[in-house]
Amino acid sequence: MNGLFIVNQEIGHNAHKVARLSEEFKKASVDIEVFVNNGTLASIKDNNVKINLPKADFVIYMDKDIYLARLLEKAGYHLFNRADFIKLCDDKMLTFIACADHDIPMPTTISGPLVYYGLRETHLSFLKKVEGELGYPMVVKKVYGSLGEGVYLVNNYDELAKLYAEICRNPIVFQKYISSSAGKSIRVLIIDGKVFGAFFRKNARDFRSNYGENASGEIIPDMKKYVDFAEKINQLFNIEYAGLDLLDNDGELMLCEMNSNAFFEEFENITRLNVAKAVVDMIIRKVNLKNEQK
């Protein structure tokens, strides 16, 4: 059996993930090659998809380039995670739309209209409606982003209008601020359709629990309520691998976001669970099952 890693040109935190998974794949006698998504891996030529990669039993896709992911799937590659799931998680508004009407509590969320040709006074009237619905402080997020980047807290209308003027050409969402969860969240990891583990995240200096060097984590002694909450989401999407970030709103759990390419260095360090082996075992099992069905 052989597989490929596809990583972004800025490999960043994925370097540790690649190293750990490679270590576990080697133990399982699975050959792995790493390829950087630099724009040369795939194209459409003469109405056909052309892939400049070796054949493989599976691909661990660690980028957010949904176009390459779809091209690979169209060419018959088996991706972990699936392109549709990557897109669902990467787009925060799509995540909330998909989870709506399924008894999954979430902060009140409003999608921001795009501004194409320049901000006008008439555009700002929308912010008054947002202000009336959400109040202050208010969380504003770029739809695409990770590690706390592109997530802002605004405290009044002047701050809101100023920020909107700066980022209104990006897809953005406005959310009600959950004050009881300021600087705190729960990361739940799902592997192969089951809750694998969870830990608390906290940041004493920022409202974003996962932002910067001040973020830390600790073991959760009793995970039952987090498992029960995560299972509802897992059943909805049939998750192969994802990190769910939950908020605690005075005892009521809420979904903050889903991450299809969750880093797990911190998770392994805190929980002492072998995430890499569990992922490798899942991939080998699914590839073998697929091959048996051919």
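The values are calculated or read from the model by the stated rules, or taken from the named source; none is laboratory data. What you see is a predicted model; the values in this text were computed from it and never measured. Glycine gets a Cβ as well: all are built from the backbone with ideal geometry, and neighbour counts include every protein chain shown.
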For LYS74: the one exception among (1) in the same structural domain as GLN9 (by TED's automatic domain parsing); (2) exposed (fewer than 15 other Cβ atoms within 10 Å of the Cβ); (3) farther than 27 Å from GLN293 by Cα:
(3)
Selection count where residues are at positive phi and within 15 Å of the chain's Cα centre (by Cα), scope region 243-254:
0
Picked from region 45-71 (must be in contact with a strand residue (DSSP E or B) (Cβ under 9 Å, 6 or more places away or on another chain) and charged (D, E, K, R)), the residue surrounded by the fewest Cβ atoms within 10 Å (Cβ to Cβ) is LYS55
Of all residues in region 130-158, count the ones that are within 29 Å of the chain's Cα centre (by Cα), farther than 16 Å from PRO171 by Cβ and in a helix (DSSP H, G or I).
3
Would you point out which residue out of GLY118, GLY150, GLY135 is out of contact with any helix residue (DSSP H, G or I) (no Cβ under 7 Å at 6 or more places or on another chain), under 23 Å from SER185 (Cβ atoms) and modelled with pLDDT under 95?
GLY150
Unmet requirement for LEU163, which otherwise passes all of (1) in contact (Cβ under 8 Å) with a residue 24 or more places away in the chain; (2) under 26 Å from the mean Cα position of the chain (by Cα):
(1)
How many residues are at pLDDT below 90 and in contact with a helix residue (DSSP H, G or I) (Cβ under 6 Å, 6 or more places away or on another chain) if we restrict to region 220-247?
0
